[in-house]
Structure formats: C-alpha cells, structure tokens
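Beneath this line is the structure, given in structure tokens, with notes to follow.
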Amino acid sequence: MEDTQERKHADHAHHSHHSGPETNESGLEGLEQAGAEEQACCAGADGEGCHSPGSARRSHHPEKMKSNLTSRLNRIEGQIRGVKGLIEKDVYCDDILNQIASIQSALNGVGKLLLEGHLKSCVVERIMEGDREVLDELLVTVNKLMK
C-alpha cells in the first residue's frame, strides 16, 4: 500500500500553481473562491482539470516560481560539482562536510517552497473535492522530508 501512495505522491509531488487562498481567523474564508480559481487555472484545452478522473496529475508552476526553483537548483548543482572537485583535490574533510551541509540546506529550501505551493494549491483543492486521501499522501511526504 505504501508503494501505491509513494507512486501517487511522485505523480503529484511537484503540483503547485497558486499562492493559495486568503483566510480569516477561522482559516476558511476564501477557500471556495480559491477552489474555483484553482479549477480554472488547471483546466486544459479539453476542459479537463489536472484532477479530473483519469487525468494524470501534473504541476502548473507559475513562470516566476519555475525560474526561482531552476536558479536554486542550478546553484545547488554547481555546489555539488564543487564538492566533487574538493574531494579530488584532497581538501580537508571538515571543509567538505561544511559544503555538504550548505547543499543540504539549499535543497531543504527548494523543498520548503514546493511544499508550501503544494499545500496552498493541490492539497486545498483536493480536500475541497472531497479527496481526503491527500492527507495521508502528504504525511508520507512530510515524513520523508524530515528524515
């Protein structure tokens, strides 16, 4: 069963396309309006949304977010190449370990951005559609991120 949830998560993990609804003190105001906006946002040319029965779940990141994530990942990629070079040059281990800690922190930052977008769009949308399975999926993902 966990295998199925992980596969579903892999299909849905990067779905983010909206900054999320505004909420009041109870945390609920604007959720219905946001749900309508989400459905309009992810409706394809065929009128089917990303959560329509039988459709594959996909990401719909705004260009600004894609650009931000890509820039961060490019920097991380460069840091990883740098660590490889440090190892090849026999640089002091503690210096390399500090670079690795920096890379892990940067990856955590990417993960936090994606998680925030996922919570504010995908999770809210699926709960509004009556799909409570998304909560179990989210818990599996959060547990993986916290390892």
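See the values below:
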| quantity | calculated |
| --- | --- |
| Check on ASN24, at pLDDT 75 or above and exposed (fewer than 11 other Cβ atoms within 10 Å of the Cβ) | no |
| Selection count, the range 91-122, where residues are hydroxyl-bearing (Ser, Thr, Tyr) and at pLDDT below 95 | 1 |
| Tally of residues being closer than 14 Å to SER59 by Cα and β-branched (Val, Ile, Thr) across the range 95-125 | 1 |
| Cβ-Cβ under 6 Å pairs, at least 6 apart or on other chains, the range 62-76 side closer than 10 Å to VAL110 by Cβ, far side modelled with pLDDT of 95 or more and among the charged types (D, E, K, R) | none |
| Single match in GLU125, GLU88, GLU63 (criterion: modelled with pLDDT under 95, charged (D, E, K, R) and open to solvent by 80 Å² or more (accessible area, probe 1.4 Å)) | GLU63 |
| Matching residues, the range 71-90, being part of a helix (DSSP H, G or I), over 24 Å from the mean Cα position of the chain (by Cα) and of a type in the set (Asp, Glu) | GLU88 |
| Among the candidates LEU119, LEU138, residue that is under 26 Å from ASN68 (Cα atoms), in a helix (DSSP H, G or I) and open to solvent by less than 50 Å² (accessible area, probe 1.4 Å) | LEU138 |
| Residue tally, condition open to solvent by less than 80 Å² (accessible area, probe 1.4 Å) and either touching a residue at least 12 places away in the same chain (Cβ under 8 Å) or outside any helix (DSSP H, G or I) (or both), over the range 91-114 | 12 |
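The values are calculated or read from the model by the stated rules, or taken from the named source; none is laboratory data. Since this is a predicted model, take the numbers as computed values, not measurements. Heads up, the Cβs are rebuilt from the backbone with ideal geometry, glycines too, and the neighbour counts pull from every protein chain shown. Only protein heavy atoms, including side chains, enter the accessible area calculation; ligands, DNA and RNA are left aside. Shrake-Rupley method; radii C 1.70, N 1.55, O 1.52, S 1.80 Å.
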